[in-house]
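The values are calculated or read from the model by the stated rules, or taken from the named source; none is laboratory data. Note that this is a predicted model, so its numbers are computed, not measured. Glycine gets a Cβ as well: all are built from the backbone with ideal geometry, and neighbour counts include every protein chain shown. Each accessible area value is taken on the protein alone, full model and side chains, heavy atoms only, with ligands, DNA and RNA left out. Shrake-Rupley method; radii C 1.70, N 1.55, O 1.52, S 1.80 Å.
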Number of protein chains: 2
Amino acid sequence: MLSLIDHVGIAVEEIDAALPYYTNTLKLELVHRETVAEQGVEAALLDVGDGHIELIAPLGPETGVAKFLAKRGPGLHHVAYRVENIEATLGTLAADGVRLIDESPRIGIRNSKVAFLHPASSGGVLTEIVQPVH
Amino acid sequence: MLSLIDHVGIAVEEIDAALPYYTNTLKLELVHRETVAEQGVEAALLDVGDGHIELIAPLGPETGVAKFLAKRGPGLHHVAYRVENIEATLGTLAADGVRLIDESPRIGIRNSKVAFLHPASSGGVLTEIVQPVH
């Protein structure tokens with residue numbers, strides 16, 4: 001059902017300030033930047049093998065990521081698994097009683113289809129599933 | 001330098017209580033369990049593609065993971081990148097001024113060579129590098 005750790009989401013105060021550690025020190029390639037207004041974030045993707053690191057910075061103080069940063073500081077924010085068929089996966093999860101933040105997929109970064117599971121159903125871990133555009 | 005997101009480490013109170021979500025709901029395969037006394041944890045590995053999820057539960061109240069749980073609750077604990085040559089990678093990171101928790105590798109789960117970077121040098125993210133035994 002889950003084919004890959006698609007990405008790890010890391011909350012940062014500001015993308016530009018966070019990038020040099022990833023590009024210069026870890027020598028990861030920055031492959032994409034995008035403002036995802038619906039999620040209230042600016043995001044940057046850095047490839048690691050077939051997966052990536054997703055840096056996310058808040059667009060404003062009322063966003064979820066701003067609240068996360070205020071409470072916990074910068075750091076690991078969510079884990080995302082890649083799936084082949086996000087609608088089928090959501091159906092399976094819902095049938096298993098998983099509480100979903102998104103009952104149907106929405107469009108995420110790079111036009112992927114994404115959906116979040118509620119941390120209450122996933123051991124405290126904010127969990128995303130992603131079906132990339134191929 | 002980093003070939004893969006080798007694993008995501010997730011802190012849990014108790015492995016047995018945490019496993020059903022991963023095995024039954026996410027349908028990941030449990031491939032390994034081990035007590036890593038040096039790190040004060042019981043650990044379980046669940047494969048996701050070529051990487052895995054590493055559940056870690058504290059062996060006692062004075063362990064780092066117990067303190068993490070007391071402060072932040074269960075959730076994302078660290079990210080680990082796979083490398084081909086851990087000594088060379090540590091040398092490169094040290095030369096770049098990265099603060100290391102482990103200046104030389106130690107033996108981790110499944111006899112892998114592992115080393116941790118200090119979160120102060122890695123944007124608040126506890127970061128591990130891993131050279132698996134092939």
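Brief remarks follow.
- Area accessible to solvent at A:Asp50, 1.4 Å probe radius, in Å²: 110
- From the alpha carbon centroid of region B:90-127 to that of region A:6-70 is 22 Å.
- Straight-distance crosslink candidates among lysines, where the alpha carbon sits under 21 Å from B:Lys67 and sequence neighbours closer than 8 are dropped: A:Lys71
- Cβ charges +1 (Lys, Arg) and -1 (Asp, Glu), total dipole of region B:17-108, debye: 460
- Accessible-area composition of region A:83-134, carbon plus sulfur, in percent [1.4 Å probe]: 50
- Most fluctuating residue given options A:Thr25, A:Thr35, A:Thr63, as computed from a GNM of chain A linking Cα atoms under 10 Å: A:Thr25
- Here A:Asn85 yields copy-to-copy label distances, from shortest upward, of 4.5 nm, the label point defined as 7 Å from Cα along Cα to C-beta.
- Overall Cα dimensions of region B:12-53, principal axis frame, Å, largest first: 29, 24, 12
- At a threshold of 10 Å², the residues of region A:1-24 that become less accessible to a 1.4 Å probe in the full protein assembly than in their chain on its own are A:Met1, A:Leu2, A:Ser3, A:Leu4, A:Ile5, A:Val8, A:Ile10, A:Tyr21, A:Tyr22.
- Solvent-accessible area buried by pairing A with B, both sides, nearest 100 square angstrom, 1.4 angstrom probe: 2900
- From helices alone, the protein assembly as shown scores -5000 deg cm²/dmol at 222 nm; the rule is -39500 (n - 2.57) for each run of n ≥ 4 DSSP H residues, then divide by the residue total.
- Label-to-label distance, nm, for residues given as A:Val133 and B:Asp47 (7 Å Cα→Cβ offset): 3.3
- Among A:Gly124, A:Ile86, A:Val65 - extreme Cα towards positive end, dipole of region A:4-131, charges at beta-carbon: A:Gly124
- Pairs of Cα atoms farther than 34 Å apart, the protein assembly as shown, %: 13
- Eligible lysines near B:Lys27 by straight Cα distance, threshold 29 Å, same-chain separation 8 or greater: A:Lys113, B:Lys113
- Rolling a 1.4 angstrom probe over the protein heavy atoms with all chains in place gives the protein assembly as shown an accessible area of 43 Å² per residue.
- Global form of region B:1-70, assessed from the alpha-carbon gyration tensor, a/c cut-off 1.5: oblate
- Helix B:86-95 vs. chain B, principal-axis angle (Cα, 0 to 90°, nearest 10): 60
- By average C-beta atoms within 10 angstrom, highest first, the peptides B:51-59, B:38-46: B:51-59, B:38-46
- Reduced Cα scattering model of chain A, Debye log10 I(q)/I(0), q = 0.14, 0.16 Å⁻¹: -0.62, -0.81
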